[in-house]
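Shown next, in structure tokens, is the structure this report addresses.
None of the figures in this text is laboratory data; all of them are computed from the coordinates on show. These numbers come from a predicted model, not from an experiment. Cβ coordinates were reconstructed from backbone atoms using ideal geometry, including for glycine residues, and neighbour counts include every protein chain displayed.
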Amino acid sequence: MKSVVITAVAAWAAVAAAATNLTHLPHDHVKPWANGTHFTDRTTGHTMQHFVLWSNGTHFTDPSTNTTVKHFDCDVQQGHASAHFNRTVQRLHLDHQHSAAGSRAAKSLVERSKVSTPISVPLYIHVITKTASQGSITQAMANAQAKALNMAYNPYGITFVLKGTTFNANDAWAVAAGADMDALKKALRVGTYSTLNLYFHTDLSGGVLGTCTLPSQVQVGTPQALYFSDGCNINANTMPGASMTGYNMGKTAVHETGHWLGLLHTFEGYSCSGTGDFIADTTPESASTNGCPTNPWKSSCPGTNDPVHNYMDYSTDACYSRFTNGQVARMSTLWTQYRKGM
Ligand SMILES: [Zn+2]
């Protein structure tokens, strides 16, 4: 059994000490399952066993490894973002409200939008195992992970080009607790601020599925040493074909990459009112989603169905299927502002 070290994982070096509150779910908002063992995925129509033995709203036990895992716990929230990022998304949200929001919302119901200009992102995958588990994550799995990213993002005009894969056997880096996180990123990160670096750890600290950084302001020519922490750290057991039951289709990387491109959670703020994720067409949600509750549909806000199929919720891999048009527009805008040409 894998030992799990409960340590806060820093997304951005500057907030390494900041405690996350993502695990404090309002339990009273979480609707019970239709039954205890199965759910029907509305997108595929498949009835699936719902393997997840939720002990509470924040943890589950992976039956294949008997490991207790925190539910994502991305450490991504507005309070941890840079002031520049927060000002930007607030302004974009206001601009959208002042434009023809109503007609756009109606349009968004019937059309799948793409980014205004195709985005091509250089991608590096860093596989980090313990010495004892060296070889357990293969190049084929890294290739499948890149493919899973593209399956999710290509329909929206975003492509990831796998430029390289590194393999490291390092007992400390496989866990990436505390200072080891900075050390491995300083050693392994490649490319510029427009290059996506995904680190897959076999024993990621904190028992989390993944964590990532939001974009922040970097000038052309800023040395990489000043943004070495940029990128996503992901539990390698979530890679396609790996061991994390329910989460082994590579979709954790899809979710974390959404943060890298500037998206917040659909449940940001854990409230039915207010600005939420600063995107106009994501349905308000006061609680993150466990599994894929569509029968009955999870509804944490009055009169609306929660966006359980949205990549920026906390649903299971099979449940994830979409971004909204507003999220796609946001990724497009923030790519241009923060990463393109950097
Ligand atoms: Zn997240």
Residue list for region 292-331, restricted to those being within 16 Å of the ligand (Cβ to nearest atom) and in contact with a Gly (Cβ under 8 Å, 6 or more places away or on another chain):
Tyr311, Met312, Ser315, Thr316, Asp317, Cys319, Phe323, Gln327, Arg330, Met331
Reported set for region 120-146 where residues are surrounded by fewer than 18 Cβ atoms within 10 Å (Cβ to Cβ) and touching a strand residue (DSSP E or B) at 6+ places or on another chain (Cβ under 9 Å) is Ser120, Pro122, Thr131, Ala132, Ser133, Gln134, Gly135, Ser136, Thr138, Gln139, Asn143
Name, by its number, the condition in (1) at positive phi; (2) buried (at least 24 other Cβ atoms within 10 Å of the Cβ) that does not hold for Gly191.
(2)
If you check Asn168 against the conditions, is it surrounded by fewer than 20 Cβ atoms within 10 Å (Cβ to Cβ) and not in a strand (DSSP E or B)?
no
Filter region 206-226 down to the residues that are of a type in the set (Ser, Thr, Tyr) and surrounded by fewer than 24 Cβ atoms within 10 Å (Cβ to Cβ), then identify the one that is farthest from the ligand (Cβ to nearest atom).
Thr222
Take the residues in region 261-287 that are crowded, with 24+ Cβ neighbours inside 10 Å and in contact with a Cys (Cβ under 8 Å, 6 or more places away or on another chain), then tell me which one is nearest to Asp95 (Cα to Cα).
His265
Within the group Gly246, Gly262, which residue is away from the ligand (no atom under 16 Å from the Cβ) and at positive phi?
Gly246
Could you grab me the full set of residues in region 243-257 that are of a type in the set (A, V, I, L, M) and more than 18 Å from Gly206 (Cβ to Cβ)?
Met249, Val254
Mind telling me which of the residues Asn295, Asn325, Asn305 ends up being farther than 25 Å from Ala176 by Cα, without any contact (Cβ under 8 Å) to a residue 40 or more places away in the chain and not hydrophobic (A, V, I, L, M, F, W, C)?
Asn305
